[in-house]
Structures are given as structure tokens and as C-alpha cells.
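Take a look at the structure set out below.
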Amino acid sequence: MSTPLRVTVWNENVHERKHEKVRRVYPDGIHTAIAKGLAAAPDLSVRTATLEMPEHGLTQDVLDNTDVLTWWGHMAHGEVKDEVVDRVHKRVLEGMGLIALHSAHYSKIFKRLMGTTCSLKWREAGERERLWNVAPHHPITAGLGEYFELPHVEMYGEPFGIPTPDEQIFISWFEGGEVSRSGCCWQRGNGRVFYFRPGHETYPIYYDANVMKVMINAVRWARPTVRIMDQCPNTKPLEIIRSDDPAKG
Ligand code: ZN
């Protein structure tokens, strides 16, 4: 059997501790539900990390031993330390995969990787969402049909302030009439980034079989192919340079 893919599931874990309504849906935290869903795949080795842990559970050692990091945050984006964001950002550029979930569209790490506002429209009305699979050839949609639906979601609408994705995977339609780019892929340095829209804290989204199928596919897709440390070396020529350097002397 090949080496398992090492996944770290990160969650700020604040709503779940503060709000009874959220605890009813995710009694052990969103991270636990996501980790359980991912662990159903035999090729994934899953651990969790949360905001309140030292260094938010994302020490250099943890990141060195993470192939793909999933990120859920909402009300505490501002509490994530910049030095941890710098460390995660560097690891993505080296080759680690990152899956940004739902309200992570406004997380420091996602905004840093995108370089744009990442703003969008939103509404909490428990409406229906239909996610259209617009990339049936893609590994992230393996095993899915033309579309799947979630009965009750928070709406996220366009315009979504992201750079044009390298690959568009899902487009969502909402009962209230809006649409959104709800599954998007980017390459950043040597790492792959996937944004996946579903996941509001008061709906049982991470127990949905299609959502977890996408998550497992996305983690596999985002697995590193290389790890290249950043450097900017002064380098010796491979051939003899015969030109006279006019800047010399
Ligand atoms: Zn939400």
C-alpha cells in the first residue's frame, strides 16, 4: 500500500463553543465532522488543529508533515496570527495543497493567496442550492452526476472578488435567484488551492455524502507533486561567457 496522504483539518472552533444552535449540528466541532468524513477514505491520514492550540496547531513540524490543509474559519479570521499565515503561505508556495471552505473566503490565508478582496453577497434564509458540475472530466467531480443539491444553505452570490480561477469546477444556483462560482482551482507557486463554497455552521453540510465526496476528491487532487524551498541564488554560468560586460571595469 502506498504512503497515506497526510491531511490536517483546521477549524477556528469558535461558533461551536459559543452558540447552542451550532453545537446541536456539530457537537464535537466542524473539524471533527470533516475529519471523520475524510477518514472514510483509506488513503487519507487525517488530523485536526484549532485556533486555541499553541500556534493554532500549525507549527512548522505539523506543516512539514501535512500534504493538504483544509481551512474553516468565520468569526475569528482576525485572531489568526500573521506569523502562522506567513508559515502556511510559504508551505503552499513550496507545494502543500490548501482547501478553503465556505467562509474561509475571507480568511487571511485565502486573501493572501488570491491577492484580491474575496468579497461576495450573502443571505441566511435556509434556501436550496444546486451545484452544477461544470467540469465532468475533472478529478474533483469524479463519481458525481450533472449536479447535486443541498436543501438548506446560506447563499453566497456573485460578484465574488476572486482572480479568475485556473479551472472552474462548480457553479451554484440558489433558490433566491443568485449564482456563484462555488468550486474553483488555482495554482499558487508549487501548491494547489481549491475553494469549496458549502459549509455554513448551522446546517449539517459536512454530513452530506456528495459534499464529502468532493472534499475527498479535492484533497487527493491537491496533493503535492514536489516540495521546492524558496531561494533566490546568485549562480555560476553553465557555459563560458565570451561577451564583455560593459558594466565592468
Ligand atoms: Zn456561513
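Tabulated data for the structure shown
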{"quantity": "Helix 82-94 vs. the chain, principal-axis angle (Cα, 0 to 90°, nearest 10)", "calculated": "70"}
{"quantity": "Gyration tensor (alpha-carbon) shape descriptor, region 1-124, a/c threshold 1.5", "calculated": "oblate"}
{"quantity": "Cβ charges +1 (Lys, Arg) and -1 (Asp, Glu), total dipole of the chain, debye", "calculated": "220"}
{"quantity": "Helix 30-39 vs. the chain, principal-axis angle (Cα, 0 to 90°, nearest 10)", "calculated": "70"}
{"quantity": "Largest-first principal axis extents, alpha carbons of region 160-203, Å", "calculated": "37, 21, 17"}
{"quantity": "Region 139-228: Rg to Rh, with Rh as the Kirkwood radius over Cα pairs", "calculated": "0.97"}
{"quantity": "Region 27-117: trypsin sites (Lys or Arg not before Pro) in DSSP loop, at most 13 other beta carbons within 10 Å", "calculated": "81"}
{"quantity": "P(r) weight above 33 Å for the chain, C-alpha pairs, percent", "calculated": "20"}
{"quantity": "Residue 90-residue 76 pseudo-label distance in nm [points 7 Å out on the Cα-to-Cβ vector]", "calculated": "2.4"}
{"quantity": "The chain: Lys pairs at Cα distance under 15 angstrom, eight or more positions apart or on different chains", "calculated": "6"}
{"quantity": "Per-residue ³J(HN,Hα) for region 137-149, Karplus 6.51 cos²θ - 1.76 cosθ + 1.60, θ = phi - 60°, Hz, x for Gly and Pro", "calculated": "7, 7, x, 6, 9, 4, x, 9, x, 5, 7, 9, 10"}
{"quantity": "Karplus-derived HN-Hα couplings along region 128-136 (A = 6.51, B = -1.76, C = 1.60, θ = phi - 60°), whole Hz, x at Gly and Pro", "calculated": "7, 10, 10, 9, 7, 7, 9, 9, x"}
{"quantity": "Of all DSSP beta bridges in the chain, antiparallel share, percent nearest 5", "calculated": "55"}
{"quantity": "Gap separating the Cα centres of region 164-189 and region 1-28, nearest whole Å", "calculated": "23"}
{"quantity": "Equivalent ellipsoid semi-axes, region 78-158, via Cα gyration tensor eigenvalues times 5, rooted, Å", "calculated": "28, 19, 10"}
{"quantity": "Between region 149-163 and region 103-145, the Cα center-to-center distance that results, in Å", "calculated": "7"}
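None of the figures in this text is laboratory data; all of them are computed from the coordinates on show. Bear in mind that the values here come from a model prediction, so they are computed numbers and not experimental data. Quick reminder, even Gly has a Cβ in these numbers, built from the backbone with ideal geometry, and neighbours come from all protein chains shown.
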